[in-house]
Every structure is written in C-alpha cells, then in structure tokens.
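Asks: Below is the structure I would like to discuss, written out as structure tokens.
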Amino acid sequence: MFIYNVTIKIQEPIHEAWLQWLKEEHVPEVLATGCFTNATIVRLLEVDDSEGPTYAVQYVAESKSLYNRYIENFAGTLRHKSFDKWGNQFMGYRSLMQVIN
C-alpha cells in the first residue's frame, strides 16, 4: 500500500473557501480517478501559521501502478485546475510513502 501525501500552505485570505473547495470538489475529483481508495485531510500543528495554515491530504493507493496511473493521466490536469482557481495563494509539495506494516 502507498500513501501519496500532498502538503499545502494556504494564505489566510482564502483559507475557509479553499478548505471547503478541497473537501467538496478537489478530493472527490482525485478519488473519482479510481487510483486511490480513500483520502484523509489533516491540519499540521506546531508549525508557523502566521501566513496561513498548513494542511496535508493523504491519498491511499493499493499499488504503485495505481499511483503511477494517477500521476501520468490525472495529476497535471487537476494541478492546473487548482492553479487556475487559487493562483499563487498556496504552496505545496508532494511525497510518496510506502506502508510497511
């Protein structure tokens, strides 16, 4: 099993609208690709929130090939939609982790 982790720092002015969009639109779109079985949204604590909060979304893929399918076929389009909607009011980075136990 693999976890595709996306960590995002959001500027405060868009925080509430972005969080609603994330829950109601973006995460359901990612899950609709069929590449992930579920997603968990978490807020990072004990980080500098002076410019806005930091969130992570952890998407679970049953195999590396499903993750690769997402990256190759869907990630670019969904990232582009995010930038079209929110511009440079957020900053993110991605990582892939393999579940060991």
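The values are calculated or read from the model by the stated rules, or taken from the named source; none is laboratory data. Keep in mind that what you see is a predicted model, and the values were worked out from it rather than measured. Methodologically, a virtual Cβ is constructed for each residue, glycine included, from the backbone with ideal geometry; neighbour enumeration extends over all protein chains shown.
Asks: For the range 92-101, how many residues meet the condition of being at pLDDT below 95, of a type outside the set (Gly, Ala, Ser) and within 11 Å of the chain's Cα centre (by Cα)?
Replies: The total comes to 1.
Asks: With the requirement that a residue be under 18 Å from LYS9 (Cβ atoms) and under 11 Å from the mean Cα position of the chain (by Cα), what does the range 41-78 give you?
Replies: Let us first name the residues in the range 41-78 that are under 18 Å from LYS9 (Cβ atoms), namely 41-58.
ILE41, VAL42, TYR55, ALA56, VAL57, GLN58, listed by residue number.
Asks: Would you please name the residue that is surrounded by the fewest Cβ atoms within 10 Å (Cβ to Cβ), looking only at residues in the range 15-30 that are touching a residue at least 40 places away in the same chain (Cβ under 8 Å) and farther than 16 Å from ALA75 by Cβ? Can you show your working first?
Replies: Of the residues in the range 15-30, the ones touching a residue at least 40 places away in the same chain (Cβ under 8 Å) are 18, 21, 26, 29-30.
Next, from what is left, pick out any that are farther than 16 Å from ALA75 by Cβ: 18, 21.
Details: TRP18: 22, TRP21: 15.
Across the range 15-30, the extreme among qualifying residues is TRP21.
Asks: Here are some residues: THR37, THR33. Which one is surrounded by 15 or more Cβ atoms within 10 Å (Cβ to Cβ), on the phi < 0 side of the Ramachandran plot and over 12 Å from the mean Cα position of the chain (by Cα)? Let's see the steps before the verdict.
Replies: Values: THR37 fails: surrounded by 15 or more Cβ atoms within 10 Å (Cβ to Cβ).
Unique residue meeting the criteria: THR33.
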